[in-house]
Amino acid sequence: MPVNTEKLKNITIAYIGGGSLHWAYDLMHDLALDGDIEGTVRLYDIDIPAAQQNEIYGNRLAQHQKAASRWKYTVSNTLKEALAGADFVIISIFPGTFEDMRVEVHMPEEYGILQPVGDTVGPGGLFRALRLIPVFCEFARAIEEFAPDAWVINYTNPMSLCVATLYSEYPGIKAFGCCHEVFGTQKLLAAMVEEVFEEKYVQRDEIVINVLGLNHFTWLTRAFYKTEDLFPGFLKFADTYYTEGFEKLESWQKNVFQCAHRVKFDLFRRFGCIAAAGDRHLAEFIPEKYVQDKFSVAQWKFHLTTIEDRIIRRNNRIKEVAAHLSGEKPVVLEQSEEEGVRIMKALLGLGNFVTNANLPNMGQIHNCGQHAIVETNVLFMKDSACPVIAGKIPGPLEETINGHIANQQLILKAALKKDQELAFQAFRNDPLVTCDDNDAEELFFKMLSGLAHCLPGWKIPQKK
């Protein structure tokens, strides 16, 4: 069937979280640089001034000398207004406030629990999920009512539970989660190819990989550059840089969001697979060696990303956007590393595209639960997202990954039922919760009380 070229110039994207300072700008730049599709982006955000600022910025991009398309940006005041008849829905929201996240990330430190990120697993990931799941239920119901045929791309963390919630509330939804963590490992492998095989200018998308696992705990069981199997080379590469780490891409000491990949190298020695996420995330899933204390974190050469770090990054971004809007600083229109636009084009029939994404398990991973949200490669083509068969989770990792899947399912159940006992069970099951039973219970209740304003409908008893 030929592509409807008229349709390609009238695409409607509903952006939930349209006041975003990061994901939205990547999308706006990528859309402006792509000359194949055009249309309207409806920005919906509870922070209306932020959405209005992005409306101005996005519409100005149409006049940029490098712009290849003319997208129109508008602010929607309601979900219905944003979603009605949309072809695509993008979700990237920051739930609550930094003070809410401070409870999730830093309160556990009083009990010796260190969380490098705190948005996926551990006490922080659990309570962030409890706050977000009701919100995603609302999104799913609204999508079912106003845009039932739209493709939904989620960028919000905790990724697995956000996507699971969408399917739980609206089983017919066409949703998937996108995450760029795997890209960083492809870049590491590209750098390895340049060094070990003396190649030049190797791009990350030249590294062909088989991906399986959970978001932020994703693994490569095969990796190739052209016809070269990269696993033997990675074994030598990991041994070479095991102690000092690899910092030729970016120094972990200068950027609190970066790492020296020592955790990856250690995990490769332990499991024989290449861990494909940032070390900060990986350390939270298997924490026993890496986050015992701040000294061990420093030894493994990554950071505990504080709320202050995040606030500084946000404030710097606010200043940068203000400088662009005032004309003080020119806009540099460059392609981002994100793949959302390439995925949308494939779904519209403009060629096939394979990349990693998060979808319900329909057999793409053989030895984990059906319908669990897993991350593998996905083939995107016209109106279709087909998971690529990734095979089995390797034996040494099977119990760990399935344990996290079981806990995620328990968290979803607890959130939907507003069940404090189930939530505590999931809390206690998490490998990051290393304190004794009494301290775990005390911490759980303190966090529950500290976030009570974000958990409407929960009965939060006082600890006896």
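In table form, for the structure just shown:
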quantity	calculated
Residue list for segment 336-354, restricted to those being buried (at least 20 other Cβ atoms within 10 Å of the Cβ) and without any contact (Cβ under 8 Å) to a residue 60 or more places away in the chain	ALA346
Enumeration of residues in segment 222-235 that are crowded, with 20+ Cβ neighbours inside 10 Å and either within 25 Å of the chain's Cα centre (by Cα) or without any contact (Cβ under 8 Å) to a residue 12 or more places away in the chain (or both)	ALA223
In segment 189-207, the residues that are farther than 16 Å from ASN356 by Cβ and in contact (Cβ under 8 Å) with a residue 40 or more places away in the chain	ALA191, MET192, VAL193, GLU195, VAL196
Failed item, numbered, when ARG141 is tested on (1) in contact (Cβ under 8 Å) with a residue 60 or more places away in the chain; (2) part of a helix (DSSP H, G or I)	(1)
Residue under evaluation LYS418, criteria (1) charged (D, E, K, R); (2) on the phi < 0 side of the Ramachandran plot; (3) in contact (Cβ under 8 Å) with a residue 12 or more places away in the chain, criterion not met	(2)
Selected residue (only one of LYS392, LYS446, LYS382 is within 25 Å of VAL152 (Cα to Cα) and in contact with a helix residue (DSSP H, G or I) (Cβ under 8 Å, 6 or more places away or on another chain))	LYS382
Tabulated pairs, segment 307-328, first touching a residue at least 12 places away in the same chain (Cβ under 8 Å), second not in a helix (DSSP H, G or I) and not hydrophobic (A, V, I, L, M, F, W, C), C-beta under 8 angstrom, 6+ apart or interchain	ASP309/HIS303; ARG317/HIS22; HIS324/PRO330
Pairs with Cβ under 7 Å, 6+ apart, first in segment 69-93 and farther than 23 Å from ILE343 by Cα and assigned by TED's automatic domain parsing to the domain that holds ALA150, second in a strand (DSSP E or B) and of a type in the set (Phe, Trp, Tyr)	SER76/TYR44; LEU79/TYR44
Failed item, numbered, when ASN210 is tested on (1) crowded, with 16+ Cβ neighbours inside 10 Å; (2) assigned to a helix (DSSP H, G or I)	(2)
Residue within segment 257-270 that is surrounded by 14 or more Cβ atoms within 10 Å (Cβ to Cβ), more than 26 Å from ILE401 (Cα to Cα) and modelled with pLDDT under 95 present	no
Failed item in (1) outside any strand (DSSP E or B); (2) surrounded by 16 or more Cβ atoms within 10 Å (Cβ to Cβ), with GLN370 passing the rest	(2)
Pairs with Cβ under 8 Å, 6+ apart, first in segment 156-173 and free of Cβ contacts under 8 Å to residues at least 24 places away in the same chain, second buried (at least 24 other Cβ atoms within 10 Å of the Cβ)	none
Which numbered condition CYS179 misses (of (1) more than 14 Å from the chain's Cα centre (by Cα); (2) closer than 17 Å to GLY278 by Cα; (3) in a loop (DSSP other than H, G, I, E, B))	(1)
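Conditions (1) within 19 Å of GLN408 (Cα to Cα); (2) among the hydrophobic types (A, V, I, L, M, F, W, C); (3) at pLDDT below 95; (4) touching a Ser or Thr at 6+ places or on another chain (Cβ under 6 Å), marked per residue:
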site: MET107; (1), (2), (3), (4): no, yes, no, no
site: ARG128; (1), (2), (3), (4): yes, no, no, no
site: GLU145; (1), (2), (3), (4): no, no, no, no
site: LEU161; (1), (2), (3), (4): yes, yes, no, no
site: TYR170; (1), (2), (3), (4): yes, no, no, no
site: CYS179; (1), (2), (3), (4): yes, yes, no, no
site: LEU189; (1), (2), (3), (4): no, yes, no, no
site: GLU194; (1), (2), (3), (4): no, no, no, no
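The values are calculated or read from the model by the stated rules, or taken from the named source; none is laboratory data. Here the structure is a predicted model, which means the values were calculated and not measured. Glycine gets a Cβ as well: all are built from the backbone with ideal geometry, and neighbour counts include every protein chain shown.
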